[in-house]
Amino acid sequence: MPQMPEDVRTAIERLMVDYCYNVDALDDMERFLSIFTEDAITDMTAIGLPLMNNREELRQFFEGVFETMSHHFHVISNFRPESWDGTVGTMQAYVMGMGHAKDGNSVAVQVRYRMECIETADGWKCRHYTITPMMPLPGSLNEIHGDT
Amino acid sequence: MPQMPEDVRTAIERLMVDYCYNVDALDDMERFLSIFTEDAITDMTAIGLPLMNNREELRQFFEGVFETMSHHFHVISNFRPESWDGTVGTMQAYVMGMGHAKDGNSVAVQVRYRMECIETADGWKCRHYTITPMMPLPGSLNEIHGDT
Amino acid sequence: MPQMPEDVRTAIERLMVDYCYNVDALDDMERFLSIFTEDAITDMTAIGLPLMNNREELRQFFEGVFETMSHHFHVISNFRPESWDGTVGTMQAYVMGMGHAKDGNSVAVQVRYRMECIETADGWKCRHYTITPMMPLPGSLNEIHGDT
């Protein structure tokens, strides 16, 4: 692949860090959504959570998450470019995610994030976001964030 | 806010990493203190630990910590600028801190650090340091580092 | 010490991140070995694992690891230069390593990596790699990766 320019790499890394701060704030849905394009696809199926086809579906899912959780903590590291075609930059990173629900349930996951990003008039945005598990998933994940 | 220059951001990030290495070394108090200004305020009240009004009070608290602990491990990540006014740069970061005391007690915390820093003749230093919990705190924190 | 140039620092940081991705992939031994020089020494004795005197011995050890493990997750952070002499660059970093074996056993360690690296015709490579424990080691480490 052509090498990802350093400024693109830095912009996407910072977008991924912003994502973690936003998801951990557990409020301000607009700020949370602002890092995604309108048509952004979010695929959490590999960890037993939904496939969301656009920002509106992402909003609905995270409204539930923000309502349910009292604490969130997402440590991001191991940033690595996957591809760059001159327009679309894809980065991967490792995330240790922890959550504590208002009902007292707790969860911890060890996963990899993949974000496919493009530059818009309003800055870099994610248009495709995938979570892949790296360690066996705890049973409590589905209890906390799942539909059932 | 005006954007924090990249060289300031890098300097503060590296200061925060140095802090972790120094606190984990559990020796060399002078090196540990050297990243703080004389009048540095350290506010750990949000995790049930003291408010320290200057470097001397910080020394007293950490003399106890270094004496008590056999192992320390502070992983820092999610660096993010909070503000820059042309002189004072404030950065946040996430920290997973672990400790093991000589008496066998263990502790793990998930917190956010905030360091307000200035450049001095002797390099960048922290003048205000705050720890904020991100996950529920374990009972063992107060047992290990607290006064009681 | 002379200050490590930024481009050397960045190259070694990225090599260390690549190491984590490669060790976590649990396949593609050639890719895994490619970041080491032929005569690379790997010293894991401080965590109760072997001293390996060259890449061939490293291969033999990791063939066992890749065979035994179903999941690996190595989060790397706290990068810091240790020395630079104009040719050899040494960096340290913190690593939280987790593993899950096919037999159901699990392990988690908190360690420091030290990699002594040089630039070759084929890019930067590690010629000396050491792991140092930072927290007390779990008994399961030797059970999973050890000889006995």
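The values are calculated or read from the model by the stated rules, or taken from the named source; none is laboratory data. Computed from a prediction, not measured in an experiment: that's the story for all the values here. No Cβ is skipped: glycine too gets one built from the backbone with ideal geometry, and neighbour counts run over all protein chains shown. Protein only, heavy atoms only, side chains kept; ligands, DNA and RNA dropped before computing areas. Shrake-Rupley method; radii C 1.70, N 1.55, O 1.52, S 1.80 Å.
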Solvent exposure of segment A:69-148 as accessible area per residue, Å², 1.4 Å probe: 40 Å²
Dipole magnitude of the protein assembly as shown, debye to nearest 20 (Cβ charges: Lys/Arg +1, Asp/Glu -1, about Cα centre): 240 debye
Mean separation of Cα contacts under 8 Å (6+ apart) over length of chain B, as relative contact order %: 25 percent
Nearest-ten-degree value, helix C:55-68 long axis tilted from longest Cα axis of chain C: 40 degrees
Karplus (6.51, -1.76, 1.60) ³J(HN,Hα), θ = phi - 60°, over segment B:30-45, in Hz, Gly and Pro reported as x: 5, 5, 4, 6, 5, 8, 9, 6, 3, 9, 4, 9, 10, 10, 10, 4
Principal-axis tilt of helix C:6-25 within chain C, Cα atoms, nearest 10 degrees: 20 degrees
For chain A, calculated [θ]222 nm from helices alone, where every DSSP H run of n ≥ 4 adds -39500 (n - 2.57): -9500 deg cm²/dmol
Straight-distance crosslink candidates among aspartates and glutamates, where the alpha carbon sits under 17 Å from C:Lys102 and sequence neighbours closer than 8 are dropped: C:Asp24, C:Asp27, C:Glu63, C:Glu67, C:Glu143, C:Asp147
Residues in segment B:96-136 that, when all protein chains are in place, have 30 Å² or more less accessible area than the chain alone would give (probe 1.4 Å): B:Met96, B:Met98, B:Gln110, B:Met134, B:Met135, B:Pro136
C/B buried area, accessible surface, summed, 1.4 Å probe, Å²: 1500 Å²
Of all accessible heavy-atom area on chain A, the percent that carbon and sulfur account for (1.4 Å): 47 percent
Protein-protein interface of segment B:5-50, residues with accessible area decrease of at least 40 Å², isolated chain reference, 1.4 Å probe: B:Arg9, B:Arg14, B:Tyr21
A:Trp124 accessible area, 1.4 Å probe, all protein chains in place, Å² to nearest 10: 40 Å²
Pairwise label distance in nanometres, A:Ser70 with C:Ala46, each label 7 Å out on the Cα-Cβ vector: 4.0 nm
Separation in nanometres of the label points that stand 7 Å from Cα toward Cβ, at A:Asp7 and C:Glu82: 3.7 nm
Residues of segment B:1-68: accessible area per residue with a 1.4 Å probe, Å²: 45 Å²
Cβ-defined net charge surrounding C:Cys126, 13 Å radius [Lys, Arg +1; Asp, Glu -1]: -3
Phi-based couplings in Hz for segment A:135-143 (Karplus 6.51, -1.76, 1.60; Gly and Pro marked x): 10, x, 7, x, x, 6, 4, 5, 4
For chain A, built as a Gaussian network whose Cα springs stay under 10 Å, the top-fluctuating residue of A:Gln92, A:Gln60, A:Gln110: A:Gln60
For C:Asp85, inter-copy label distances in nm, listed shortest first [label point 7 Å out on the Cα-Cβ vector]: 4.7, 4.7
Among C:Met135, C:Met16, C:Met29: highest mean-square fluctuation, GNM of chain C, C-alpha pairs under 10 Å: C:Met135
Most mobile listed residue (C:Glu116, C:Glu57, C:Glu30) in chain C, GNM with C-alpha springs under 10 Å: C:Glu30
Ascending list, in nanometres, of distances separating the C:Asp7 label from those of the other copies (7 Å, Cα toward Cβ): 1.9, 1.9
For segment B:45-94: relative contact order, % (alpha-carbon pairs under 8 angstrom, 6 or more apart): 22 percent
Virtual spin-label span in nm between C:Asp39 and B:Glu56, 7 Å along Cα→Cβ: 5.6 nm
